[in-house]
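Worksheet for the structure shown next.
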Amino acid sequence: MFNKLIAALLPYFPKKFIWLFSKKYIAGETIEQAMAVAKDLNSKGMVTTIDILGEFIEDLNEAEVNKNDYLRVIDEAEKNQIKGNYSVKPTMFGLLLDEEVCYQHIRDIVKKASEYNNFVRIDMEDSPCTDMEIKLYRKLKSEFPKSVGLVIQAYMRRTYKDIEDMLDMHSPEASNNYRLCKGIYVEPKEIAFKKYEEVNQHYLEDLELLFKNNVYVGIATHDKPLIDGAYDLIKKYNVPKDRFEFQMLLGVTPELRQKIVDDGYKMRVYVPFGENWFGYSTRRLKENPKMASQIMKAMFVKG
């Protein structure tokens, strides 16, 4: 209860206090800082997905700026020979303001990545965005079949059927490509599973469906029971190592992350950066209130 209360109040604290927590989970504010973190992860045998922080813009002029920032990031990452790809949030490009404008901006980003034989992941946002983001993925995959993927969220009641419905796009030559995560947005119980055990059960059911259909999946979790369950499914279906990867957030469960690497599996680390780090940080707090106590300790240690 105390941690939840602190997590609710922390967004109103001065940013310098939140940064005490955030700096572990964010690469920095600049492209140069993101490249340095990505290079370090590469040197440790991990690949990355680079993400510029920001979402839910209110002015389409921001969408143009955000697109150009991504184009620069792609050029810079390729110049630095970073082993990794890119993630985008459609609301950062005006999804809720003008679907077509959003599509054109993200198309430009995917096209740029494809020219380097690289890849862009479309993040899944809250439930009002779900159908639009699936539609966006379908449209882009038809033009760039090997250069675009989608996030799917196991806590949404619709996800299993969404996976089934999207199998019409899947082929051995151009697999559907998903990041399977639990989901972080606050959704009503009518459309989202709420209990920990229930979410985990459906996560593994979704993962099994993907493995059965030979769909490429990024297993995105820090939850040891889910990782153990994934290991069991990999063994059960004898899934080749080139048909999946594990994914984690920067700064979270580094020991578990290293164990997966030591076990011989591909690990991709989410590398967020940018000036809009504050919203990302407070969302992480709401997702995991236990982190709030870490900030309080840091604040008192810093005096």
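Annotations for the structure displayed:
- Stretch gain in nm, segment Asn276-Ser142, where the contour uses 0.36 nm per residue and the Cα spacing is subtracted: 45.1 nm
- Which of Val47, Tyr103, Ile74, positive extreme of dipole for region 27-273 (C-beta unit charges): Val47
- Taken one residue at a time, the phi angles of region 29-39 give Karplus couplings (6.51, -1.76, 1.60, θ = phi - 60°) of 9, 10, 4, 4, 5, 5, 5, 5, 5, 4, 4 Hz. Gly and Pro are set to x.
- Rel. contact order, % - alpha carbon contacts under 8 angstrom, at least six apart, the chain: 26 percent
- Estimated dipole of the chain in Debye, rounded to 20 [Cβ of Lys and Arg +1, of Asp and Glu -1, Cα centre]: 1200 debye
- Ellipticity estimate at 222 nm from DSSP helix runs (n ≥ 4, -39,500 (n - 2.57)) divided over the chain, nearest 500: -15500 deg cm²/dmol
- With a Förster radius of 41 Å applied to the beta-carbon distance between Asn68 and Asp40, the computed FRET efficiency rounds to 0.95.
- When the chain is described by a simple charge dipole with +1 on each Lys and Arg Cβ and -1 on each Asp and Glu Cβ, the residue from Ile57, Ile122, Val261 located farthest towards its positive end is Val261.
- Residue of Phe93, Phe21, Phe244 that the Gaussian network model of the chain assigns the largest fluctuation, springs spanning Cα pairs under 10 Å: Phe21
- Based on the Kirkwood approach, the hydrodynamic radius assigned to the chain is 19.9 Å, with every pair of different Cα atoms included.
- Prolate/oblate/rounded call for region 9-109, Cα gyration tensor, a/c under 1.5 rounded: oblate
- Spin-label zone in region 134-167 - amide nitrogen under 20 Å from a point set 7 Å from the Cα of Asp263 along the C-beta vector: 154
- Hz values of 3J(HN,Hα) by residue in region 133-143 - Karplus curve (6.51, -1.76, 1.60), Gly and Pro given as x: 6, 5, 4, 4, 4, 4, 5, 6, 5, 5, 9
- FRET efficiency, 1/(1 + (r/R0)^6) with R0 51 Å, evaluated for Lys235 and Asp59 via beta carbons: 0.50
Any read-out appearing in this document is the output of simple, stated calculations on the displayed coordinates, not a laboratory observation. As the structure is a prediction and not an experimental result, all values here were calculated from the model. Note that we place each Cβ from the backbone using ideal geometry, even for glycine, and neighbour counts take in every protein chain shown.
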